[in-house]
Amino acid sequence: MLEATDITKAFGGVRAVDNVSVAVREGTIHALIGPNGAGKTTFFNAISGFTFPDHGRVTFRGTDVTRTLNWRRIVMGMGRTFQTPSVFPELTVDENIRLGVRAHAKQAFQLRAPRGAAAAAVDARVDELLGFVNLAAHRGRLVAELAHGSQRLCEIAMSLSTEPVLVLLDEPMAGLAEAETDRIMAVIRDLRQRLGLTVFFVEHNMRVVLALADRITVLDRGKLLAEGSPQEIARDDAVRRAYLGSEVLERV
Ligand SMILES: Nc1ncnc2c1ncn2[C@@H]1O[C@H](COP(=O)(O)OP(=O)(O)O)[C@@H](O)[C@H]1O
Ligand SMILES: [Mg+2]
């Protein structure tokens with residue numbers, strides 16, 4: 001699905017990402033982990049076209065997209081959420097998702113709202129996405145008034161409005177309470193199981209990563225430290241030294 005080869009990105013003298021290669025297989029849930037400042041977000045930005053790498057190559061479904069603009073990658077089927085939520089807090093849940101759906105239907109810049117069959121198709125798609133993330137009951141509420149977990153779900157629904165085949169999620173559960181984390185985990189599982197999507201996500205919480213991921217890639221100070229199954233990563237000495245060593249791993 002996605003192959004990033006020898007990706008390097010420096011800011012001034014700092015190599016935020018240093019010669020990192022990752023292959024995300026179709027139909028998998030793949031996690032990217034590592035301490036703060038390890039280069040995870042920079043790597044995501046390079047994959048999704050928010051920055052271009054200094055070196056290396058990115059291929060998406062067999063096409064070289066290394067220098068392809070971000071919006072074009074979205075059209076090609078790459079969805080993305082951000083570490084800092086990028087929903088519109090002053091709009092309702094429904095309005096946020098509708099914006100995404102209409103933009104995808106190329107109606108965003110029409111002066112009048114779509115009518116007839118086009119409007120019905122937009123409505124149906126908004127309903128479908130609201131239902132998928134279990135926000136139908138909150139559709140009329142301002143996003144600013146929602147719990148953080150629901151805001152994240154709204155953002156995931158927006159990322160789905162462009163009909164991606166690969167979804168990139170940057171810390172979708174950062175700062176959430178346990179119960180909210182479980183809601184997001186269930187939706188991420190459904191992305192694969194019900195929608196057949198491939199998921200590549202950044203996450204700190206090891207409980208979540210070990211429970212969700214088929215493959216785990218570990219970055220440390222810009223470098224690839226390890227890659228493997230959850231069992232392999234949990235047992236890896238270098239990973240334990242650099243990052244984990246937490247009581248979570250002792251139980252795996
Ligand atoms: N736009 C930028 N300008 C300068 N330095 C940056 C920029 N983005 C990230 N960095 C630096 O690159 C390193 C990796 O950051 P980041 O990719 O955000 O890590 P992570 O997401 O793993 O916490 C950090 O040292 C960070 O300060
Ligand atoms: Mg980050």
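What follows is calculated from the coordinates using simple rules that are stated; it is not laboratory data. All values reported here derive from a predicted model rather than from experimental measurement. Virtual Cβ from ideal backbone geometry, glycine too; neighbours counted across all protein chains shown.
May I ask which residue of Leu135, Val187, Ala119 lies farthest towards the positive end of the charge dipole of segment 61-198, with charges of +1 (Lys, Arg) and -1 (Asp, Glu) on Cβ and the Cα centre as origin?
Ala119
Convert each backbone phi in segment 174-190 into a coupling constant with the Karplus relation 6.51 cos²θ - 1.76 cosθ + 1.60 (shift: θ = phi - 60°), then list the ³J(HN,Hα) values in order as whole Hz, x for Gly and Pro.
4, x, 9, 6, 3, 5, 5, 4, 5, 4, 5, 4, 4, 5, 5, 4, 5
Which one, Ile29, Ile47, Gly62, is farthest towards the positive end of the dipole of the chain when Lys and Arg carry +1 and Asp and Glu -1 on their Cβ?
Gly62
How much space per residue, in cubic angstrom, does the convex hull of the C-alpha atoms of segment 182-241 take up?
Each residue corresponds to 85 Å³ of Cα convex hull volume.
Where nothing but the Cβ of Lys and Arg (+1) and of Asp and Glu (-1) is charged, how large is the charge dipole of the chain around its Cα centre, in debye to the nearest 20?
660
So what's the back-of-envelope 222 nm ellipticity for the chain, counting only DSSP H runs of four-plus at -39500 (n - 2.57) apiece and dividing by all residues, rounded to 500?
-11000 deg cm²/dmol
Cα atoms only, segment 2-250: Rg and Dmax in Å?
Values for segment 2-250 (Cα only, Rg and Dmax): 18.4, 61 Å.
What ranking do Phe52, Phe200 get, fewest neighbouring Cβ atoms within 10 angstrom at the top?
Neighbour counts put them in this order, fewest first: Phe52, Phe200.
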